[in-house]
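The structure appears right after this line, and notes come after that.
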C-alpha cells in the first residue's frame with residue numbers, strides 16, 4: 001500500500017475540511033495504545049490517526065481514522081519497506097518495526113502510565129536495530145475533530161510549546177523541527193546503528209512546566225504494566241489472556257469506568273448506518289469484565305467494576321442507565337460530524353443507548369457483585385448496591401426493555417434469564433434474610449419466563465412474540481448452575497449451533513430471511529457464549545474448538561472488534577471491543593478448570 005504524502009488537508013471553497021491525508025487501512029491493521037483515560041490508534045506506517053483528549057468522551061485531537069485531520073507520525077523515509085510489530089508481553093507498549101533494504105528500524109511507543117485525566121503523554125522511542133535509521137517525524141495536533149490547528153508555536157529550552165483550541169501542547173525531542181505552512185511541526189531524525197532517539201508529546205487541559213523526562217516516564221510506565229497484568233501461566237493461550245488483561249486495563253479509567261471501545265463510527269457493515277460511538281462505559285460490558293477477572297482471582301479490575309457500578313446504582317437506582325461516561329456523567333445525544341467517516345462507516349458521536357431501559361444490566365450487576373463477594377471484595381457501599389439492584393429487578397422485570405442488543409423494546413427472554421442468574425448468584429454469595437427474598441423473586445421471574453418464552457421443542461426463544469433463536473440466551477444459561485442443569489441449555493445450544501453458526505463462528509440472530517453474514521458479521525461475543533455453554537454441558541473438547549476458532553478472529557496486533565466478517569476474514573465495528581477480550585479471559589479460566 002502506497003505511503004500517503006504529508007500534504008495540507010484539502011478544503012472546500014468555504015474552508016471546511018474535506019478529508020484527511022492518511023489512507024485508511026483495514027481495521028485488523030491498527031494497534032492500540034491506552035492509559036485508562038484515552039486511547040490512540042496507530043497505523044502500520046507509524047501514524048497516530050485517532051486519539052481523543054483530554055478523555056475518552058472528549059473531541060479528537062487526531063481524527064484521520066474517520067476522515068479528519070491531525071496526526072503524530074514517525075515513519076522511515078524510505079517507502080521500500082515491510083511493516084510489522086508486536087506488543088511487549090502483558091502490556092500496551094507497542095513496538096512497530098519496519099524492515100528496509102539493509103536495515104531495520106523500530107519505534108517503541110506507549111501512552112504513559114499512570115494515566116492522568118487532564119494530561120495525555122505519548123512516548124515514542126526510535127531505535128536503529130540493524131544499520132542506521134532515518135525517519136520522518138510530523139506532529140499536527142488538531143483539536144475538536146480537526147478544526148483547531150496548532151497556534152502560538154514557540155521553542156523554549158529545546159521543547160516546543162503550542163495551543164490547539166483550549167488544549168496545551170508540548171513536544172520534547174524535535175527541537176530542530178520546522179513549522180510548515182499548515183502549522184505542523186516536521187523534521188527528519190537520524191539515529192546511528194544501535195542507537196535510539198526519544199520523542200515525548202504532552203497534550204493537557206492546562207499549562208504544565210514539569211520536565212518531560214523520557215527515561216523517568218518510560219520507567220514508570222514499564223513498572224505500572226508489570227504490576228497491572230498477572231502471569232496467567234496456568235491458563236491456555238496465556239499470552240493472549242495477558243493481552244486481554246492489558247486491553248481491559250488500558251480501557252479502564254482511574255474513576256473505575258471502562259469504555260466499550262476506543263473509537264466511534266467504525267462500520268459493522270459497510271454503508272448500512274450501523275456505526276456507533278463506543279467511547280463510553282456500558283455497565284453490562286463492565287460487569288462482564290469484572291466477573292471474568294474475578295473468576296481468575298482478586299484484581300484491581302474487579303474493584304474498579306464494582307466501584308463504578310455501585311456508584312451508578314446509588315445515584316440512579318431503578319432508573320439506572322445502561323451506559324455512562326467514564327466520569328459518571330450521562331451520554332450526550334447523538335450528532336454527526338462534518339467528516340467523511342471511515343470508508344463504509346459514519347461520523348456520529350454520542351449514543352442513544354444512554355436513555356434506554358435494559359433489564360439485563362441489573363442481572364449482570366448482581367452477578368458481578370456476587371463474584372466480588374466470593375473474593376471478599378465488597379465494601380458496605382457495594383453491599384447496599386446489591387439491595388438496590390435486586391429491588392430494581394422486582395420493580396421493573398415485567399416491563400419491556402431494549403435488551404442486550406439495544407433494539408425495539410420487548411419482553412426479551414435473555415433479559416429475564418439474566419435477572420434470574422444474577423439474583424441467584426447474589427443469594428448464594430450473600431446469604432441472609434435478603435437472600436431468601438432474592439431467591440423467591442428469581443423463582444417468580446423464571447416461572448413466568450418459562451410459561452411465555454419456552455419453545456415447543458424445549459429450547460428457549462427470543463421473546464413471547466418471537467419464536468426465533470438468539471445466541472445471547474447461552475450467556476445466562478451457562479452462568480447459572482440450575483439453568484445449566486436442565487435440558488433447555490442443550491436444546492438451545494444445539495439449535496444455535498444448527499441455525500446461527502457458519503464455519504465455526506456464531507451469529508446473534510437471524511435477520512428476516514437474509515442468510516447469515518449478509519446483514520452483519522459473526523459476533524465474537526457469541527462465539528465465547530458458545531464456548532461457555534459447551535463447558536456448562538461438560539463438553540470440554542467442543543468448547544476448546546469454539547474457543548480457538550473465536551480466538552483466531554483478530555489482526556496481527558491481536559485486538560478484537562465486535563464482529564468478524566467470515567467471508568472476507570475482516571474485523572467489523574469499533575476497536576478494540578472490551579467485552580470480547582473479557583470473555584476470552586473468562587473462558588480461558590473456565591477451560592483451565594474443566595475436566
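The values are calculated or read from the model by the stated rules, or taken from the named source; none is laboratory data. All values reported here derive from a predicted model rather than from experimental measurement. Because the Cβ atoms are built from the backbone with ideal geometry, glycine has one as well, and the counts that use them run over all protein chains shown.
Of the candidates 199, 171, 212, 235, the single residue that is assigned by TED's automatic domain parsing to the domain that holds residue 90, part of a loop (DSSP other than H, G, I, E, B) and within 31 Å of the chain's Cα centre (by Cα) is 212.
Can you find a residue in segment 531-542 that is part of a helix (DSSP H, G or I), farther than 16 Å from residue 567 by Cβ and out of contact with any helix residue (DSSP H, G or I) (no Cβ under 6 Å at 6 or more places or on another chain)? Yes. Taking segment 462-473 as the range and being within 27 Å of residue 370 (Cα to Cα) and either out of contact with any helix residue (DSSP H, G or I) (no Cβ under 8 Å at 6 or more places or on another chain) or in a loop (DSSP other than H, G, I, E, B) (or both) as the test, the residues that pass are 462, 470.
In the set (1) surrounded by 17 or more Cβ atoms within 10 Å (Cβ to Cβ); (2) touching a helix residue (DSSP H, G or I) at 6+ places or on another chain (Cβ under 8 Å); (3) closer than 26 Å to residue 246 by Cα, the condition left unmet by residue 574 is number (2). Exactly one residue among 408, 364 is farther than 22 Å from residue 311 by Cβ and either within 26 Å of the chain's Cα centre (by Cα) or surrounded by 16 or more Cβ atoms within 10 Å (Cβ to Cβ) (or both), and that residue is 408. Scanning segment 163-183 for residues that are more than 19 Å from residue 59 (Cα to Cα) and at pLDDT 95 or above gives 171, 172, 173, 174, 175, 176, 177, 178, 179. Just to be sure before I move on: is residue 274 more than 21 Å from residue 348 (Cβ to Cβ), touching a residue at least 40 places away in the same chain (Cβ under 8 Å) and not in a helix (DSSP H, G or I) in the structure I sent? Answer is no for this residue. Taking each residue of segment 497-509 that is more than 16 Å from residue 462 (Cβ to Cβ) and looking for partners that are part of a strand (DSSP E or B) with beta-carbon atoms closer than 6 Å, six or more apart or interchain, yields 505/522. Could you tell me whether residue 155 is at pLDDT 95 or above, crowded, with 21+ Cβ neighbours inside 10 Å and more than 30 Å from residue 587 (Cα to Cα)? Criteria not met by residue 155.
Only a single criterion out of (1) under 24 Å from residue 556 (Cα atoms); (2) free of Cβ contacts under 8 Å to residues at least 60 places away in the same chain; (3) crowded, with 17+ Cβ neighbours inside 10 Å is not satisfied by residue 148, namely (1). Against the test of being touching a residue at least 24 places away in the same chain (Cβ under 8 Å) and surrounded by fewer than 16 Cβ atoms within 10 Å (Cβ to Cβ), the options 377, 384, 416 yield a single qualifying residue, 384. Return yes or no: is residue 90 modelled with pLDDT of 95 or more, under 19 Å from residue 199 (Cβ atoms) and not assigned by TED's automatic domain parsing to the domain that holds residue 559? Considered against the rule, which asks whether it is modelled with pLDDT of 95 or more, under 19 Å from residue 199 (Cβ atoms) and not assigned by TED's automatic domain parsing to the domain that holds residue 559, residue 90 comes out as no. Within segment 543-554, the set of residues being in contact with a helix residue (DSSP H, G or I) (Cβ under 7 Å, 6 or more places away or on another chain) and without any contact (Cβ under 8 Å) to a residue 12 or more places away in the chain is empty.
Assess whether residue 392 counts as being under 21 Å from the mean Cα position of the chain (by Cα), surrounded by 19 or more Cβ atoms within 10 Å (Cβ to Cβ) and modelled with pLDDT of 95 or more. When the stated conditions are applied, residue 392 does not pass them.
A single entry from 524, 575, 584 fulfils the requirement of being touching a strand residue (DSSP E or B) at 6+ places or on another chain (Cβ under 9 Å) and in contact (Cβ under 8 Å) with a residue 60 or more places away in the chain: 575. Might you check whether a residue that is part of a loop (DSSP other than H, G, I, E, B) and more than 30 Å from residue 31 (Cβ to Cβ) occurs anywhere in segment 548-568? No, segment 548-568 contains no residue that is part of a loop (DSSP other than H, G, I, E, B) and more than 30 Å from residue 31 (Cβ to Cβ).
Scanning segment 1-43 for residues that are modelled with pLDDT of 95 or more, assigned to a loop (DSSP other than H, G, I, E, B) and in contact with a helix residue (DSSP H, G or I) (Cβ under 9 Å, 6 or more places away or on another chain), we see that the one that is nearest to residue 304 (Cα to Cα) is 36. Among the residues of segment 474-496, how many are free of Cβ contacts under 8 Å to residues at least 40 places away in the same chain and assigned to a loop (DSSP other than H, G, I, E, B)? Adding up the residues that qualify gives 1. Just wondering, is there one or more residues in segment 303-310 that are assigned to a loop (DSSP other than H, G, I, E, B) and modelled with pLDDT of 95 or more? No: segment 303-310 contains no residue that is assigned to a loop (DSSP other than H, G, I, E, B) and modelled with pLDDT of 95 or more. Of all the criteria given as (1) at pLDDT 95 or above; (2) closer than 20 Å to residue 45 by Cβ, the one not satisfied by residue 160 is (2).
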